[in-house]
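Inspection log for the structure reproduced underneath, given as structure tokens.
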Amino acid sequence: MRKINFVYLKASDNLRELEKEFSNGIFKALSQENERWEFNETIGKKLKNHINVTFFIHRRADFFMSHGVADKNYFFKKKDGVYAVNKFKKLLVPGEFLKRRILNNENLHFREEDISVVGWPRLDKLIQLKTDTMPLVQHKSKKKVLWAPTHSGRQDCSSYYGLQPHIKNLSNEFDFRVSHHPNDRSGEH
């Protein structure tokens, strides 16, 4: 049996909920494989004989996945003059663009097999919710969803491109609104 541990810090309820959502998604994906997995979580410490995963760059762990879907240069931050991300064995990233960007950076020391593209965690949940709750149109009022993506300046770096193909279907099932990032607004106020 393989063991996975999610390394948390005490945080706000909202942040803790987000991290639990990510860890549950990772554990669910792993559980569909042929191997058996044991799930653990600790506050601020790694466990021996476990794959330790974190969602914040300055925590100690083996695997790292950003707590957000946008790049925001999170993988390129330095601490004491050193690229913080280089301490991890494996990275989990939302899109191919970010994987290529990391591989092309000579200061980051990762091979292609060290970086896994895992999708857009928050968007994947929304798309799954749509599938699980069909048909919502029978209800008198639809669930309200506001999508406010990070700017779309670079393809696959923002959720803008990840969710765009699903907007029409989501709009049929939800009271679905989009609030574009200010950099992407043309004449909107």
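The values are calculated or read from the model by the stated rules, or taken from the named source; none is laboratory data. No experiment lies behind these values; they were computed from the predicted model shown. Counting neighbours? That spans all protein chains shown, and the Cβs are built from the backbone with ideal geometry, glycine included.
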Worksheet item: Of the conditions (1) modelled with pLDDT under 80; (2) under 18 Å from the mean Cα position of the chain (by Cα), residue 20 fails just one. Which one is it?
Response: (1)
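Listed here are the residues, each with its yes/no results for (1) hydroxyl-bearing (Ser, Thr, Tyr); (2) at pLDDT below 90; (3) farther than 22 Å from residue 7 by Cβ.
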{"residue": "59", "(1), (2), (3)": "no, yes, no"}
{"residue": "62", "(1), (2), (3)": "no, no, no"}
{"residue": "74", "(1), (2), (3)": "yes, yes, no"}
{"residue": "78", "(1), (2), (3)": "no, yes, no"}
{"residue": "85", "(1), (2), (3)": "no, no, no"}
{"residue": "94", "(1), (2), (3)": "no, yes, no"}
{"residue": "101", "(1), (2), (3)": "no, yes, yes"}
{"residue": "107", "(1), (2), (3)": "no, no, yes"}
Worksheet item: Would a scan of the range 35-49 turn up a residue that is without any contact (Cβ under 8 Å) to a residue 12 or more places away in the chain and acidic (Asp, Glu)?
Response: no
Worksheet item: Can we say residue 55 is touching a Pro at 6+ places or on another chain (Cβ under 6 Å) and either crowded, with 17+ Cβ neighbours inside 10 Å or of a type in the set (Gly, Ala, Ser) (or both)?
Response: no
